[in-house]
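Nothing in this text is a laboratory measurement; each read-out follows from the coordinates by a stated rule. Fair warning: this is a prediction, and the values are worked out from it, not measured in the lab. Every residue, glycine among them, receives a Cβ derived from its backbone with ideal geometry; neighbour counts consider all protein chains shown.
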Amino acid sequence: MTVSMATDPHMDALKQSAADPLQVLVTPQRALIGANLSADAILRRGDVLCVEEGRIVALKPELEAPIAALVANASHKGYRTLIACPGEDGAVTWAASSKILLAMDAAPQSILVTARPLIKSEPLTGPDLVALFNLTPAEARLAVELAAGHSLADISAKRQIHISTLRAQLRSIFTKTGVSKQSEFVSSVWRAAAV
């Protein structure tokens with residue numbers, strides 16, 4: 001299968017970002033407009049995602065709902081989530097995002113979906129968290145400190161910041177990352193983005 005990259009005005013940007021692990025450009029109906037080299041390789045392998053009748057579909061039933069939600073929740077600001085992808089060696093978690101791109105001329109609305117596999121090894125850095133989840137630098141710093149095992153009380157005392165401020169930052173982190181518990185988030189942070 002060769003993925004067409006010809007018609008959408010956003011295709012040059014997609015081609016230039018081929019170093020990202022996976023990027024696809026789709027319509028709101030998940031019709032494939034284009035894919036970078038990594039996404040093309042995954043689609044060719046056909047063990048997780050494939051193209052059927054021009055649409056991106058999940059080959060594993062448990063992935064269909066999260067992928068549909070990723071596209072359906074796309075916004076101009078961006079939507080981010082973690083998706084567990086079952087594999088031979090257990091589940092691999094992917095940090096995924098979707099963003100509506102501005103339509104140019106008569107082009108259909110395009111959604112850029114980006115996904116990076118996360119591997120348990122070492123925590124993500126502050127800049128990784130800012131890039132993956134659109135955290136503020138203060139939220140990213142808090143996340144890194146929590147992943148290192150510090151409590152909110154310890155961080156509050158060390159940084160001389162009121163604990164209610166840290167709790168507000170933590171709630172914002174939960175909203176942006178789609179988790180509801182501190183332990184879930186710390187587990188997600190205790191990973192390194194595989195490049």
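Rounded to the nearest Hz, the phi-derived 3J(HN,Hα) couplings of the stretch 43-53 under the Karplus curve 6.51 cos²θ - 1.76 cosθ + 1.60 (θ = phi - 60°) are 5, 5, 4, x, 9, 10, 10, 8, 10, 10, 6, where x marks glycine and proline. I need the calculated FRET efficiency for the pair His150 and Lys99, taking r as the beta carbon distance and R₀ as 41 Å, to the nearest 0.05. Efficiency for this residue pair is about 0.80. With r as the distance between the Cβ atoms of Ala68 and Ala157 and R0 = 45 Å, compute the FRET efficiency 1/(1 + (r/R0)^6) and round to 0.05. Efficiency for this residue pair is about 0.50.
Rounded to 0.05, the FRET efficiency of the Arg45 and Ser180 pair, given R0 = 30 Å and the Cβ-Cβ distance, is 0.35. In order along the stretch 22-37, phi translates into HN-Hα couplings of 7, 9, 10, 10, 9, 8, x, 8, 6, 6, 6, 9, x, 8, 7, 4 Hz, rounded to whole numbers, per the Karplus curve 6.51 cos²θ - 1.76 cosθ + 1.60 with θ = phi - 60° and x for Gly and Pro.
Checking the cross-link pairs Lys77/Lys99; Lys60/Lys99; Lys60/Lys176 against a 18 Å limit on the alpha carbon distance flags Lys60/Lys99; Lys60/Lys176 as lying beyond it. Modelled label positions at Leu59 and Gln29, each set 7 Å beyond Cα in the direction of Cβ, lie 2.5 nm from each other.
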